[in-house]
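The values are calculated or read from the model by the stated rules, or taken from the named source; none is laboratory data. Every value quoted in this text rests on a predicted model; they were computed, and no experiment measured them. As a convention, Cβ positions derive from the backbone with ideal geometry for all residues, glycine included, and neighbour counts pool all protein chains shown. Heavy atoms of the whole protein, side chains included, go into the accessibility calculation; ligands, DNA and RNA do not. Shrake-Rupley method; radii C 1.70, N 1.55, O 1.52, S 1.80 Å.
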Amino acid sequence: MCGVVGIVAQEHVNQTLYDALLLLQHRGQDAAGMATCDDQRFALHKENGLVRDAFRTRDMRSLPGTIGIAQVRYPTAGAYDNEAEAQPFYVNAPFGIMLAHNGNLTNWRELQTEIYQKDRRHINTQSDSEVLLNIFANALNECTSTQPTIEAVFSAVTQIHSRLKGSYAVVALIAGFGLVAFRDPFGIRPLIMGRSKDNKTHIVASESVAIEGVGHQVTRDISPGEAVCITLDGQVHARQCAAHSNLTPCLFEYVYLARPDSTMNGVSVYAARAQMGQTLARRIAAEIRSGEIDVVMPIPDSSRPAAIECASALNLKYREGFIKNRYIGRTFIMPGQAVRTKSVRQKLNPIGAEFAGKSVLLIDDSIVRGTTSREIIQMARAAGARRVIFASAAPPVRYSNVYGIDMPTRHELIAHGRSIEQICHELTADQLVFQDQVDLENILKGINPKLNTFEASCFDGNYITGDVSPDYLHWLEQAKNARS
């Protein structure tokens, strides 16, 4: 999970890119980078840390140009703390290309070998995004004779679709040409287009909030397998470049990853989360006797819409029992178990009077490793709660996600190989309720009837790209352990 943005305008884009990155900060906290192009010359700055820390005034002054891309990084491949693996990446041939990527290639190791042996290209990091860049550069070189053209770019994207496996939402700059954006044939990760009211600025971003938050209008989602070229003069060209495509967005985007004020694939994230609370309420009513719950509380912030609707459906009081320190990052995407455990206590503080002597229903968006949930339950008990019932607006996360969410180790997942009763015992909750996956999918289908299938591997273990084997999952777990 990363956040990417690309802009073509008639004025300098560095400030707008910066503002858009701030709106995508929730998608990655490890590094931030920006590349701009002024005529034929690229400028690049990238650094570990949050957006506000990575860019200073002198950095912004060194990034002129009317076209640019940027990214906030959440590493799923390579090293967490290696600044060289921050994006965008650059390759000088053909023409000069900068590229930023959200997602994860499942066949990047094989491609890395092919690139060296067949394409005679060198990869300097362990990032799958650098592999993707070189695959694209090589394809563009083969499809171009002299200068880059619209047809050559579309042909190159068509070619790489046949080589890449996994998820990828990409923005790239080609010197002297413009901006290219494309999405994998399943559309696993989001990518959305927008423009200014005067049609002089065009923007592509991971979420609609990054488009609307900088004062522009959303036009549409980029389709699975589609490529979009925006030339330096602002002309927009689009073409379906995949032989077969089927919109299969990631379910976890709607549960946790995206901001609630975003709309992706025709689905309002806020509306989806609110309806998750309604369907969750039906399961709670079926599994927990009436009168056993005094109050409903959210684990702020992403579970709040579900908790409000759940309390309303159950005709129970809704209270804010935890106050969040907004200067602590999202614990799920923090590297290292020790860091995550420590930050839970720093991030949330209970209001004792709201817990004292009560049977509380705590609602969270999901339960992944269980570290955060266990700490929160213990905090509620310490604050005086008589009973703690825990509910998840998502189904149990039982399997690794290999498409851009950092869940590579199955044994880190508290639900893997455990029954609901066993999970409840591990969490130290009095009772535990999960969302049903069918209900979750039906919520999204109800909001956008064009959605038929979803990437839900972390819930059901079904890997839609068809290339994820037990050996691959074992290698991924070993790589994760080596990085920890």
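Checking Met60 against (1) more than 20 Å from Val13 (Cβ to Cβ); (2) out of contact with any strand residue (DSSP E or B) (no Cβ under 7 Å at 6 or more places or on another chain), which test does it fail?
(1)
Do we have Ile420 as open to solvent by 10 Å² or more (accessible area, probe 1.4 Å) and free of Cβ contacts under 8 Å to residues at least 40 places away in the same chain here?
yes
For Leu413, state whether it is under 23 Å from Arg283 (Cβ atoms), in contact with a strand residue (DSSP E or B) (Cβ under 7 Å, 6 or more places away or on another chain), in contact (Cβ under 8 Å) with a residue 24 or more places away in the chain and hydrophobic (A, V, I, L, M, F, W, C).
Yes, satisfied.
If you go through the stretch 20-43 one residue at a time, do you hit one that is among the aromatic types (Phe, Trp, Tyr), closer than 17 Å to Phe89 by Cα and either at pLDDT 95 or above or open to solvent by 10 Å² or more (accessible area, probe 1.4 Å) (or both)?
Yes, the stretch 20-43 contains a residue that is among the aromatic types (Phe, Trp, Tyr), closer than 17 Å to Phe89 by Cα and either at pLDDT 95 or above or open to solvent by 10 Å² or more (accessible area, probe 1.4 Å) (or both).
State yes or no: is Leu17 crowded, with 24+ Cβ neighbours inside 10 Å and touching a Ser or Thr at 6+ places or on another chain (Cβ under 8 Å)?
Spelling it out, Leu17 is indeed crowded, with 24+ Cβ neighbours inside 10 Å and touching a Ser or Thr at 6+ places or on another chain (Cβ under 8 Å).
Considering only the stretch 388-411, state which residues are among the aliphatic types (A, V, I, L, M), modelled with pLDDT under 95 and assigned to a strand (DSSP E or B).
Met407
Scan the stretch 433-484 for residues that are within 19 Å of Cys310 (Cβ to Cβ) and touching an Asp or Glu at 6+ places or on another chain (Cβ under 7 Å) and jot them down.
Hits for the stretch 433-484 are Val433, Gln437.
From the set of residues in the stretch 244-266 that are among the aliphatic types (A, V, I, L, M) and under 30 Å from Ile67 (Cβ atoms), which is most open to solvent (accessible area, probe 1.4 Å)?
My answer is Leu247.
Kindly evaluate Ile135 against the criterion of being open to solvent by less than 10 Å² (accessible area, probe 1.4 Å) and more than 22 Å from the chain's Cα centre (by Cα).
In short, yes.
I'd like to know if the stretch 184-196 contains one or more residues that are farther than 20 Å from Gln15 by Cβ, in a strand (DSSP E or B) and of a type in the set (Val, Ile, Thr).
Yes, that holds for at least one residue.
What number of residues within the stretch 302-319 are open to solvent by less than 60 Å² (accessible area, probe 1.4 Å) and closer than 19 Å to Lys358 by Cβ?
Count: 6.
If you go through the stretch 197-215 one residue at a time, do you hit one that is farther than 17 Å from Asp128 by Cα and modelled with pLDDT under 95?
no
Pick out the one residue from Val438, Val433, Val360 that is of a type in the set (Val, Ile, Thr), modelled with pLDDT of 95 or more and not in a strand (DSSP E or B).
None of the others qualify; the one that does is Val438.
For residues that are touching a Lys or Arg at 6+ places or on another chain (Cβ under 9 Å) and under 13 Å from Arg239 (Cβ atoms), scanning just the stretch 154-194, find the one that is surrounded by the fewest Cβ atoms within 10 Å (Cβ to Cβ).
Thr158
Suppose the filter is open to solvent by 10 Å² or more (accessible area, probe 1.4 Å), of a type in the set (Val, Ile, Thr) and under 25 Å from the mean Cα position of the chain (by Cα); does Thr146 pass it?
no
Tell me yes or no: at least one residue of the stretch 230-242 is in contact (Cβ under 8 Å) with a residue 24 or more places away in the chain, outside any loop (DSSP other than H, G, I, E, B) and open to solvent by less than 10 Å² (accessible area, probe 1.4 Å).
Scanning the stretch 230-242 turns up at least one residue that is in contact (Cβ under 8 Å) with a residue 24 or more places away in the chain, outside any loop (DSSP other than H, G, I, E, B) and open to solvent by less than 10 Å² (accessible area, probe 1.4 Å).
Suppose the filter is part of a loop (DSSP other than H, G, I, E, B), open to solvent by less than 10 Å² (accessible area, probe 1.4 Å) and touching a Phe, Trp or Tyr at 6+ places or on another chain (Cβ under 8 Å); does Met1 pass it?
Yes; evaluated as a whole, the condition is true for this residue.
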